[in-house]
Amino acid sequence: MYQEKVKVLWNQSVGPEYYRIGLTCNHRYKDARPGQFVMLRFPGQITPFLRRPFSIHKLISDNNQTIGIELLYKVVGEGTKKLSMIQVDDIVDILGPLGNGFTFSRHYKTVYIVAGGIGVAPLVFLATYLRAKGVDTAKSKVFLGGRSKDDLLCRDEFIDIGMKIQVTTDDGSEGDQCFITHPLDVASKGGRPDVIYACGPLGMLTCVLDIAEKYRVPCQVSIETAMACGMGACLGCAVEKKGPEKAYLHACLDGPVFDAGIIKI
Ligand SMILES: Cc1cc2nc3c(=O)[nH]c(=O)nc-3n(C[C@H](O)[C@H](O)[C@H](O)COP(=O)(O)OP(=O)(O)OC[C@H]3O[C@@H](n4cnc5c(N)ncnc54)[C@H](O)[C@@H]3O)c2cc1C
Ligand code: FES
């Protein structure tokens, strides 16, 4: 884990409330894993006081060298509003890569990826990684759900990786009008994947875990609880552990990616 001040390469709007920010980074980010995150702070920042966590969306390469990372973010409050106003060549302070990312087994050939809204952010990095690991992208599928069509991001990236995409929206503005877990259930019944990976709102993740259990498919979910320190010091990110006794894990240290069966959400 490194703390460094990095230069902003770009900070572009990619839809109402959504932005991508490119940051130059220490080349050691080449070892970052999908699902890991950074805690970001603006130098001179007085408010918001605390760093904010963001998943690594992509690695930025030049001449086969990792020279930076890209984050994809949604403006939801004070910190992300300020982030959206940052200019090219400004300096921000990041701490990372943090946490435990998604894991891969060489037995995984067909995967289902489930993204709810901005939960798609770490899953593009994951899909790129899975293709490099030899997953059959043509047989694998991405389930992309959003409140409306404006919340369906990164379709071109998944198509470039060679994955089929199914979309749903809550308001019916694109795809079927239902939760994304509905087509996931139907598809899992028709042909079990080797693993399901998911990131999105907690309600969606609970339903994904139920579906994985129903069809006995291994499943990993990334939990985006609020985080204050990102390093196990504040207990702000406690996630209840499954088991007979009440016990908690830290989403920042033990997660944010957890195997199904480990946590209660
Ligand atoms: C491991 C991890 C990875 C994340 N990756 C991304 C990412 O790649 N892109 C992205 O846009 N966001 C991501 N988030 C969420 C992001 O950290 C928050 O949206 C951000 O901290 C909000 O800061 P703010 O100051 O703008 O909002 P605040 O003013 O702090 O909060 C505004 C509103 O957003 C709600 N909120 C704050 N944090 C969260 C959260 N984690 N989940 C749901 N609601 C929240 C608050 O309850 C409040 O209602 C991630 C969170 C975690 C823990
Ligand atoms: S965010 Fe502080 S302990 Fe996890």
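A short reminder: the numbers here are calculations on the coordinates, not readings from a lab. Everything quoted here is computed from the prediction, not taken from an experiment. FYI the Cβ positions are ideal-geometry reconstructions off the backbone, even for glycines, and counts take in every protein chain you see.
Here are a few things to note about the model shown:
- For segment 1-41, the equivalent ellipsoid derived from the alpha-carbon gyration tensor has semi-axes of 21, 13, 10 Å in decreasing order.
- Loop-located chymotrypsin sites (Phe, Trp or Tyr not before Pro) in segment 1-107 (DSSP state other than H, G, I, E, B) with a sparse environment of at most 13 neighbouring Cβ atoms within 10 Å: 49.
- Approximating the spin labels as points 7 Å out from Cα along Cα→Cβ, the residue 110-to-residue 155 distance works out to 2.4 nm.
- The Rg/Rh ratio for segment 136-265, using Cα coordinates for both the radius of gyration and the Kirkwood hydrodynamic radius, is 1.00.
- Under Karplus coefficients 6.51, -1.76 and 1.60, residue-wise ³J(HN,Hα) of segment 154-162 in Hz, glycine/proline x: 6, 4, 4, 4, 5, 5, 4, 6, x
- Local electrostatic count at residue 157 - Lys and Arg +1, Asp and Glu -1, tallied over other residues with Cβ under 14 Å: +2
- Around residue 250: net Lys/Arg minus Asp/Glu count, Cβ-Cβ under 14 Å: -2
- For segment 74-99, the residues whose amide N sits under 18 Å from a probe point set 7 Å from the Cα of residue 171 along the beta carbon direction are 74-76.
- Full-stretch length increase - residue 64, residue 26 - with 0.36 nm per residue and alpha-carbon distance subtracted: 12.2 nm
- In segment 222-265, the GluC sites (Glu not before Pro) that fall in loop regions by DSSP, at most 10 other Cβ within 10 Å: 245
- Dividing the mean sequence gap of close Cα pairs (under 8 Å, 6+ apart) by how many residues segment 2-98 holds gives a relative contact order of 42 percent.
- Computed from Cα atoms, the angle from the helix 181-190 axis to the main principal axis of the chain rounds to 50 degrees.
- Between the C-alpha center of segment 126-170 and that of segment 181-254 there is a gap of 19 Å.
- The chain: calculated mean residue ellipticity at 222 nm from DSSP helix runs of at least 4, using -39500 (n - 2.57): -5500 deg cm²/dmol
- When each of 109/149; 58/149; 214/264; 7/58; 139/164 is checked by Cα-Cα distance, pairs over 18 Å: 109/149; 58/149
- Against the main long axis of the alpha-carbon atoms of the chain, helix 121-132 sits at an angle near 70°.
- DSSP bridge pairs, the chain: antiparallel proportion in percent, nearest 5: 65
- Filtered trypsin sites (Lys or Arg not before Pro), segment 211-265: DSSP coil and at most 16 other beta carbons within 10 Å: 216, 242, 246, 264
- Plainly put, segment 2-98 has a radius of gyration that is 0.93 times its Kirkwood radius, both from alpha-carbon atoms, as the Rg/Rh ratio.
- Computed from Cα positions, the angle between helix 202-214 and the longest principal axis of the chain comes to roughly 40 degrees.
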